[in-house]
Structures are given as structure tokens and as C-alpha cells.
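Working notes, structure below.
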Amino acid sequence: MQSNQNLPQRVAIMGVQVDPWTMEQTVERAREIVDSGSFGHLIGVNADKLLQMLDDPWMDACVRRCEVVNADGASMVLAARELGTPVPERVAGVDLMGELCSLAEREGYKVFLLGAKQEIVERTRDALQEKYPRLAVCGVRNGYFGEDEYDAIAEEVRSSGTQITFVGITSPKKERLIERFRELGLTGAYVGVGGSFDVISGAIPRAPLWMQRAHLEWLFRMMQEPGRLAKRYIVGNARFMALLRREKKRLKEASR
């Protein structure tokens, strides 16, 4: 097992500290967290998350506190390349979830699925157990609850014995929930996976491989849910690109 001490140190991409790790290195770090009995918040940063960090001091502090910060989004990988601090690859939440389920099946770790509608999370469980027959899913729970229920949910998660918990809830609710788990002393790896349950359950298709490789998965998602995602991607991507141009200019002037 690769020690955390041997992993590449974080790099700054537009002011965000990101772990420049491969998928394999990220999975090994999750294994370390589970085996040590500690707590780990694994988060993926894309253009939307970076903008959230700029607008919300709490989110900025949360991401900086996370034990693993991956570049989840072609925007971050491309930005890193443009700024001369490349990361080895994109670590997408849905792909990381699959790799961690494979790890859990091999190592006998228990997993908990938290988020989405009850029907979707149950279908996600069924799909995962079909793909990973020896995967131990110790609990499923929908994502429809208020902040006043966080502590009760934390107790449900704790008592399940989970070692890897996937949280398929929108931001910033999922980050606030996971950080509450930290405050309450839970252990294990907690992975924010956004809409991955919808994809794994078959409720929403994933972009074709050619679109993923062409860094157009965001466009496919927007086409699937234009009412919810059009503003986020069109306005957000334009703002992100403006920030990237500003950062490139700043670095160029600083190097003179």
C-alpha cells in the first residue's frame, strides 16, 4: 500500500489546493483512512465548486479541511494544464464510487448509500450488488431531510458500521452533513458523489465516452436537465473562464 507520505503534495489551481493524484492513488488514500479508523472527507472540485468557494467562506474552509481534494471536472484539469500545474487525470465522482466499491468488495468493507429519492438509492444498491456480488451494503437512506435531522442520521450511519459512505446529495447540503459527521466523531471515508446515484441506478444516462474524452460531459448533463443546469453551466463556465484568463495574466506579469 502506498503511504500517504509518498503521495504528491497539493498544488494550487486558481487559489484552490488540489491533490494531484491519480484514481489509483485516491483509492489507496481511502484505504488508509478506513484501515486507520480515522475520518476522511473526500471531495471533488469542479468549476461550480470553485465558484461556490469564492462566494461562500464556509465552503472555502470546508474544502481546505477535506482529507482528499480531487480535480473532478474537465474544467479543473484543463485549467491546471493552462496554468502550468497539471494534475495527472480527472477523478470523477461516479468513477471513484465504482473503484471504491471494488475496493470494498475485495477488502470486505461495509458501505452506506445516502441520498437521492428512496427508489433511486434502492435501485443504486441493487445495481451495485449486481456488479459487485460480494459488496456489503449495510444501509441505504434517501436524501430528503432537514438540518434538524443531521444528528439522527449521523447515529444511523454510525450504528450501521459503515466504513465507506457515499453521499449523493446536492451542494452545499452534502458538505454540511459530512462535516457534521466529523464534528460528531464518526469514522470512515465519506465521499460526496453528487448525482452519481441517478447514473448508477439508470435514472439518468451518462455521457457517451467520446463526450467524456472531449471534455463535454457537462454539455450532455445540461441537455438532460436544462431547467436545472443551464444557468449553472452557461453562466458558471463563463465566469470560470474569465477567472482563468485573469489568473493566467497575473502569473504572466509575476514572472516578468
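So, Ala154, is that one touching a residue at least 40 places away in the same chain (Cβ under 8 Å) and surrounded by 15 or more Cβ atoms within 10 Å (Cβ to Cβ) or not?
Answer is no for this residue.
Quick one: Gln212 ticks every box in (1) at pLDDT 95 or above; (2) within 19 Å of the chain's Cα centre (by Cα) bar one, so which box is it?
Only one criterion is unmet by Gln212, namely (1).
Go through region 25-62 and count every residue that is of a type outside the set (A, V, I, L, M), in contact (Cβ under 8 Å) with a residue 40 or more places away in the chain and either in a helix (DSSP H, G or I) or in contact with a strand residue (DSSP E or B) (Cβ under 9 Å, 6 or more places away or on another chain) (or both).
Initially, region 25-62 is screened for residues of a type outside the set (A, V, I, L, M), giving 25-26, 28-29, 31-32, 35-41, 44, 46, 48-49, 52, 55-58, 60, 62.
In the following step, the residues that additionally are in contact (Cβ under 8 Å) with a residue 40 or more places away in the chain were identified as 26, 31, 37-41, 44, 48-49, 52, 56, 58, 62.
Retained after the next criterion (residues that are either in a helix (DSSP H, G or I) or in contact with a strand residue (DSSP E or B) (Cβ under 9 Å, 6 or more places away or on another chain) (or both)): 26, 31, 37-41, 44, 48-49, 52, 58, 62.
Qualifying residue count for the region: 13.
Any residue in region 101-118 that is touching a strand residue (DSSP E or B) at 6+ places or on another chain (Cβ under 6 Å) and surrounded by fewer than 21 Cβ atoms within 10 Å (Cβ to Cβ)?
Yes; the residues of region 101-118 include at least one that is touching a strand residue (DSSP E or B) at 6+ places or on another chain (Cβ under 6 Å) and surrounded by fewer than 21 Cβ atoms within 10 Å (Cβ to Cβ).
Can you name every residue in region 84-129 that is in a loop (DSSP other than H, G, I, E, B), at pLDDT 95 or above and among the aliphatic types (A, V, I, L, M)?
If the condition is that a residue be in a loop (DSSP other than H, G, I, E, B), at pLDDT 95 or above and among the aliphatic types (A, V, I, L, M), then Val91, Ala116 are the ones that fit.
What's the number of the condition Arg81 fails, among (1) in contact (Cβ under 8 Å) with a residue 40 or more places away in the chain; (2) within 22 Å of Ala207 (Cβ to Cβ); (3) not hydrophobic (A, V, I, L, M, F, W, C)?
Among (1) in contact (Cβ under 8 Å) with a residue 40 or more places away in the chain; (2) within 22 Å of Ala207 (Cβ to Cβ); (3) not hydrophobic (A, V, I, L, M, F, W, C), the lone unmet condition for Arg81 is (1).
All but one of (1) surrounded by fewer than 20 Cβ atoms within 10 Å (Cβ to Cβ); (2) free of Cβ contacts under 8 Å to residues at least 40 places away in the same chain; (3) not acidic (Asp, Glu) hold for Pro86, so report the exception by its number.
For Pro86, the failing item is (2).
So that you can scan it fast, the table gives a plain yes or no per residue for (1) among the hydroxyl-bearing types (Ser, Thr, Tyr); (2) over 15 Å from the mean Cα position of the chain (by Cα); (3) over 24 Å from Leu50 (Cα atoms):
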{"position": "Glu67", "(1), (2), (3)": "no, no, no"}
{"position": "Arg81", "(1), (2), (3)": "no, yes, no"}
{"position": "Pro86", "(1), (2), (3)": "no, yes, no"}
{"position": "Gly93", "(1), (2), (3)": "no, no, no"}
{"position": "Met97", "(1), (2), (3)": "no, no, no"}
{"position": "Ala104", "(1), (2), (3)": "no, yes, yes"}
{"position": "Glu107", "(1), (2), (3)": "no, yes, yes"}
{"position": "Glu119", "(1), (2), (3)": "no, yes, yes"}
{"position": "Ala127", "(1), (2), (3)": "no, yes, yes"}
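Contact list please: Cβ distance under 7 Å, first residue in region 182-210 and surrounded by fewer than 22 Cβ atoms within 10 Å (Cβ to Cβ), second residue of a type in the set (Phe, Trp, Tyr), pairs at least six apart or on different chains.
Note: pairs meeting the criteria are Arg182/Phe39; Leu186/Phe39; Thr187/Phe39; Ala207/Phe220.
Name the residue, out of Arg206, Arg232, Arg228, that is more than 22 Å from Ser36 (Cα to Cα), in a loop (DSSP other than H, G, I, E, B), out of contact with any Pro (no Cβ under 6 Å at 6 or more places or on another chain) and outside the structural domain of Gly37 (by TED's automatic domain parsing).
Arg206
State whether one or more residues within region 144-151 are within 29 Å of Leu50 (Cβ to Cβ), surrounded by fewer than 17 Cβ atoms within 10 Å (Cβ to Cβ) and without any contact (Cβ under 8 Å) to a residue 24 or more places away in the chain.
So far as region 144-151 goes, yes, one or more of its residues are within 29 Å of Leu50 (Cβ to Cβ), surrounded by fewer than 17 Cβ atoms within 10 Å (Cβ to Cβ) and without any contact (Cβ under 8 Å) to a residue 24 or more places away in the chain.
The values are calculated or read from the model by the stated rules, or taken from the named source; none is laboratory data. The model shown is predicted, which means the values in this text are computed figures rather than measured ones. A quick note on method: Cβ atoms are made from the backbone with ideal geometry, for glycine too, and the neighbour counts reach across all protein chains shown.
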